Amino acid sequence: MTSNGRNGKPKPFEGLRVTDLSWVGVGPTVAKYLGDHGAEVIRVESATRMEGLRRAGPFTNNEPHYDNSGYYANFNSSKLGITINLKTDKGKALLKRLVAVSDVVTESFTPGSLKKLGLDYEELRKVRPDLVMISMPLFGQTGPWAHYMGYGHVLQAASGFNHLTGWPDGEPIGTGIAYTDFLVPHVGALALVAALDYRRRTGQGQYIDFSQFEGAIHALGPAILEWTANGREAERLGNRDPEAAPHGAYRCKDGRYVVIACFTEQDWEGFRAAIGRPDWTDLERMRRKWSRLDEQKEIDRHIDFWCRERTAAQAFKAMRDHGVPSGIVKSPEEMHRDPQLRHRGHYAALEHPTMGVRTYDSPAFRLSKTPGGPTKAAPLLGEDTERVLKGTLGLSDDEFTELLVEGVLE
Amino acid sequence: MSDRDDSVPLPHPDGPLSGYRILDLADEKGQLCARLLGELGADVIKVEPRTGDRTRSNGPFFRDEEGRESSLYWWAMNAGKRSVTCELRSEAGRDLFHRLVAGADAVIETSAPGTAKDSGADPRTLAKVNRSAVVVSITNYGQTGPARNLPATDIVGSATGGHMYLNGTKERGPVRTAAPQAYAQVNLQAAVGTAIALYARGANGGLGQHVDVSMQESMANAMDNAQQTWDILQINNRGPGSGRMVSGREGPRYIYEAADGWVAALGMGGLVGPSSGAMIDWLDETGEAGPLTSPHWRERLAVVQPLEEDEQKLLVGIMERFCRTRRKDDLVREAQARNAGWAPVYSPREIVENDQLAARDYWVQVRHEDIGETFVYPGAPWKLSSTPWRQRGRAPHLGEHNEDVYGDLLGLEPGEVAKLRRTMVI
């Protein structure tokens with residue numbers, strides 16, 4: 001992974017080594033950014049306390065096995081994998097040796113866990129003074145909730161996403177996924193890369209106390225200010241938007257949905273043309289956006305009727321041909337076949353020793369001169385233990401065998 | 001928490017990105033990106049047309065009074081930036097803009113692919129002006145590909161990025177989160193791309209480069225394991241409402257109504273898996289465990305395994321009855337004490353009133369000396385030990401920093417600035 005990227009172009013993080021102690025979704029995704037852009041990321045795991053996602057599906061061939069999880073794989077592209085039992089003294093010493101030759105440590109344990117092991121930032125900086133380390137549990141290192149456990153499914157509840165998802169006449173619903181697990185890694189990675197940039201220029205490392213909760217709140221847009229400045233609470237809106245009409249997702253003849261969003265009068269004129277300028281669109285109360293906003297129910301009824309007679313592809317084509325912001329709600333299957341994502345090479349196909357060729361998410365950005373992207377499938381559990389310990393840390397065959405026999409490398 | 005310094009923006013010499021200058025030409029897809037970089041220390045200059053950036057008219061508005069300086073959207077996304085006006089449609093305006101680019105480290109723009117040239121902000125032109133500048137172009141679908149020219153807004157990005165398919169219910173179809181998440185996602189991922197490109201100058205002979213960011217791809221990255229579930233099992237996960245869907249199998253609901261709102265309790269609140277014993281004990285203590293105290297149930301629930309429909313129904317019923325009579329914060333505190341990962345479903349007000357955030361001194365008071373008031377804004381997303389995050393003060397008025405930037409920074413004489421104003425360049 002130290003070789004140059006595509007077309008021999010340099011990779012931004014070439015030469016950086018990352019000890020990735022994190023697990024599940026958020027931390028591994030932060031470290032994936034570094035690995036996908038050229039850093040040597042060494043994911044440290046243990047068979048004695050298995051990473052949860054190795055036990056979570058989907059599994060290839062529907063065979064549950066810790067080396068078959070697509071869930072785990074996607075977060076861990078471009079990484080090496082080693083196993084160390086950090087509960088053993090020799091394991092702790094080994095980790096310190098690894099950190100001494102690393103530039104970055106990433107971790108997402110419950111606050112206090114690493115301190116108990118004698119492996120917190122204060123200890124690790126003794127072996128690597130210019131270390132950049134980021135801790136990223138749900139709620140940060142301090143405070144009454146610091147020890148609270150949970151996943152993205154429940155953090156999205158605390159950080160407002162459930163409250164803001166669903167229909168005004170209905171209950172809060174999930175966003176369907178462990179949403180914050182796919183939001184806050186970007187926030188964490190931003191601070192980490194900024195700290196690395198600072199270190200590149202000054203030589204100084206530091207510690208980052210990242211609370212996923214505190215990061216997620218920045219994705220709520222003006223909802224916080226609407227409360228603190230206006231004393232009003234943002235609520236669930238279904239698919240409406242306070243500033244667009246029409247605005248929604250409409251069911252078509254083939255059961256698929258098309259979304260239509262008209263923010264400007266130009267959008268509206270395009271929309272009128274797309275549906276053949278029926279009489280209702282010419283009514284006085286439909287002519288200006290501010291009055292149309294009060295007529296959304298009626299507008300939606302007309303569009304529902306129009307869409308019922310068309311496939312989603314036909315409805316979308318009509319909107320597209322008239323320049324109206326519109327799109328089809330795509331299923332995972334359609335995403336994989338989407339010509340745009342294909343053109344962009346968004347899903348990287350990588351060969352994994354037991355899972356075969358599988359698709360991995362790529363970053364949403366392309367760098368023109370130092371391109372990144374997944375370069376290697378996720379590691380098997382402990383796949384690179386011997387290579388890293390002997391190659392990077394210089395352990396002799398005897399030393400390695402001794403650790404192996406003593407269970408330090410489990 | 002309050003800051004007595006009145007300057008707008010507040011200085012931030014200690015941030016990890018202090019010393020960098022970023023020009024922000026962005027709309028909804030890039031303003032948060034630029035703001036976060038500013039709060040890490042960069043000097044962010046918002047470049048606006050003389051009539052003001054279009055997003056100044058995005059609601060909601062302070063006290064519902066529409067105006068160029070009263071958009072809460074504008075406040076939230078542009079806090080701590082400087083603002084200059086510059087008409088990029090005129091040649092003199094483009095020349096002036098290029099003088100700013102000459103001293104900038106990054107330019108963030110969101111124009112439709114192929115149109116940046118008209119405003120002199122395309123990567124090729126900018127590279128000629130400043131070879132070390134990073135040019136970040138944030139668009140709906142990216143700079144290339146068959147969809148590159150399609151118009152889109154947040155809901156379109158949520159739809160074509162696949163996220164809406166997973167967000168919704170069987171009965172009512174897909175739904176969007178009311179706080180626009182396609183915009184949030186593309187901003188945050190663009191910020192990472194910008195930071196990586198800035199870092200890459202160290203590995204790349206100091207050269208800048210073009211960062212091509214796609215809103216659709218940013219949402220595609222937010223599909224949990226649905227992407228792999230299709231790839232591996234050829235199954236489409238879809239909107240499970242208040243439940244959860246894993247590998248094509250819909251799990252029971254995890255959002256339950258409490259006496260004063262809702263709580264999120266994954267895996268039926270821990271009734272399934274290693275914490276089940278503790279949860280059954282809790283229900284037993286209050287006399288609400290029903291049949292779950294039997295050895296059969298204790299054994300059955302201790303290991304995570306698929307439940308039959310009637311079993312699910314029984315457990316969900318117990319959870320619903322248990323939660324409905326209790327307050328959500330009490331439920332969460334007690335569940336967490338028993339090692340079950342619950343959390344309350346919070347509204348914006350409840351987030352602002354939350355104890356954990358107060359204990360971490362999260363919120364910042366932002367002075368709006370122009371209207372004589374101070375408001376609470378979200379605080380540090382991270383605590384960096386050497387180079388702290390800092391909120392930089394309120395959002396700028398239109399052209400508030402024309403003198404500072406064109407005079408002090410570019411060194412134009414007052415007469416020259418006056419002429420730019422007279423000729424409607426600024």
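Conditions tested, residue by residue: (1) modelled with pLDDT of 95 or more; (2) touching a Gly at 6+ places or on another chain (Cβ under 6 Å); (3) open to solvent by less than 10 Å² (accessible area, probe 1.4 Å); (4) within 15 Å of A:Gly382 (Cα to Cα).
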site	(1), (2), (3), (4)
A:Asn7	no, no, no, no
A:Leu34	yes, no, yes, no
A:Tyr66	yes, no, no, yes
A:Leu80	yes, no, yes, yes
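Suppose we filter B:Arg50, B:Arg99, B:Arg94, B:Arg56 for residues that are away from chain A (no Cβ under 12 Å), in contact with a strand residue (DSSP E or B) (Cβ under 6 Å, 6 or more places away or on another chain) and part of a helix (DSSP H, G or I); which single one remains?
Every option except B:Arg56 fails the conditions.
Tell me, which helices (runs of 4 or more DSSP H) wholly within the stretch B:246-349 include 2 or more residues that are open to solvent by less than 10 Å² (accessible area, probe 1.4 Å)?
Once the helices (runs of 4 or more DSSP H) in the stretch B:246-349 are filtered for at least 2 residues that are open to solvent by less than 10 Å² (accessible area, probe 1.4 Å), what remains is B:266-270, B:276-285, B:309-324, B:328-337.
Report yes if some residue within the stretch B:148-168 is under 30 Å from A:Gly8 (Cβ atoms) and either in contact with a helix residue (DSSP H, G or I) (Cβ under 9 Å, 6 or more places away or on another chain) or open to solvent by 10 Å² or more (accessible area, probe 1.4 Å) (or both); otherwise report no.
For the stretch B:148-168, residues under 30 Å from A:Gly8 (Cβ atoms) and either in contact with a helix residue (DSSP H, G or I) (Cβ under 9 Å, 6 or more places away or on another chain) or open to solvent by 10 Å² or more (accessible area, probe 1.4 Å) (or both): present.
If A:Thr19 passes every condition in (1) surrounded by fewer than 24 Cβ atoms within 10 Å (Cβ to Cβ); (2) touching a residue at least 24 places away in the same chain (Cβ under 8 Å) but one, which one does it miss?
(1)
Go through the stretch A:115-210 and tell me which helices (runs of 4 or more DSSP H), entirely inside it, have 3 or more residues that are more than 7 Å from chain B (Cβ to nearest Cβ), under 26 Å from B:Asp14 (Cβ atoms) and open to solvent by less than 10 Å² (accessible area, probe 1.4 Å).
Per the criteria, A:184-202.
B:Ala179: assigned to a loop (DSSP other than H, G, I, E, B), open to solvent by less than 10 Å² (accessible area, probe 1.4 Å), within 7 Å of chain A (Cβ to nearest Cβ) and not aromatic (Phe, Trp, Tyr), yes or no?
Yes.
Tell me, yes or no, whether the stretch B:182-191 has at least one residue that is open to solvent by 20 Å² or more (accessible area, probe 1.4 Å) and in a helix (DSSP H, G or I).
yes
All but one of (1) under 21 Å from A:Ile173 (Cβ atoms); (2) more than 7 Å from chain B (Cβ to nearest Cβ); (3) surrounded by fewer than 24 Cβ atoms within 10 Å (Cβ to Cβ); (4) not acidic (Asp, Glu) hold for A:Ala216, so report the exception by its number.
(3)
Could you please give the count of residues in the stretch B:158-176 that are in a helix (DSSP H, G or I) and within 7 Å of another protein chain (Cβ to nearest Cβ)?
5
Determine if the stretch A:353-366 includes at least one residue that is hydrophobic (A, V, I, L, M, F, W, C), touching a residue at least 24 places away in the same chain (Cβ under 8 Å) and under 22 Å from A:Val101 (Cα atoms).
no
Which is open to solvent by less than 10 Å² (accessible area, probe 1.4 Å) and either acidic (Asp, Glu) or touching a helix residue (DSSP H, G or I) at 6+ places or on another chain (Cβ under 6 Å) (or both), of A:His322, A:His352, A:His346?
Criteria check complete, one pass: A:His346.
Going through the stretch B:367-383 one residue at a time, which ones are more than 7 Å from chain A (Cβ to nearest Cβ) and either open to solvent by 60 Å² or more (accessible area, probe 1.4 Å) or charged (D, E, K, R) (or both)?
The answer is B:Arg367, B:Glu369, B:Asp370, B:Ile371, B:Gly372, B:Glu373, B:Thr374.
Could you say which residue among A:Asn74, A:Asn61 is within 14 Å of another protein chain (Cβ to nearest Cβ), surrounded by fewer than 22 Cβ atoms within 10 Å (Cβ to Cβ) and either farther than 19 Å from A:Glu410 by Cα or polar (S, T, N, Q) (or both)?
That would be A:Asn61, the only listed residue that is within 14 Å of another protein chain (Cβ to nearest Cβ), surrounded by fewer than 22 Cβ atoms within 10 Å (Cβ to Cβ) and either farther than 19 Å from A:Glu410 by Cα or polar (S, T, N, Q) (or both).
Could you grab me the full set of residues in the stretch B:221-238 that are more than 22 Å from B:Arg176 (Cβ to Cβ) and either free of Cβ contacts under 8 Å to residues at least 12 places away in the same chain or assigned to a loop (DSSP other than H, G, I, E, B) (or both)?
B:Gln228, B:Asp231, B:Ile232, B:Gln234, B:Ile235
Of all residues in the stretch B:384-399, which are open to solvent by 60 Å² or more (accessible area, probe 1.4 Å) and touching a residue at least 60 places away in the same chain (Cβ under 8 Å)?
B:Arg390 - this is the single residue of the stretch B:384-399 that is open to solvent by 60 Å² or more (accessible area, probe 1.4 Å) and touching a residue at least 60 places away in the same chain (Cβ under 8 Å).
Checking the structure you have, find out if any residue of the stretch B:28-35 is under 22 Å from the mean Cα position of the chain (by Cα) and surrounded by fewer than 24 Cβ atoms within 10 Å (Cβ to Cβ).
yes
Using the structure shown, decide if B:Gly241 is of a type outside the set (A, V, I, L, M), assigned to a loop (DSSP other than H, G, I, E, B), in contact with a strand residue (DSSP E or B) (Cβ under 7 Å, 6 or more places away or on another chain) and open to solvent by less than 60 Å² (accessible area, probe 1.4 Å).
Here the answer is yes, as B:Gly241 does meet what is asked.
The values are calculated or read from the model by the stated rules, or taken from the named source; none is laboratory data. Please read all numbers here as calculations on a predicted model, not as lab measurements. Backbone-built Cβ (ideal geometry, glycine too); neighbour counts: all protein chains shown. Note: areas computed on protein heavy atoms with side chains; ligands, DNA, RNA excluded. Shrake-Rupley method; radii C 1.70, N 1.55, O 1.52, S 1.80 Å.
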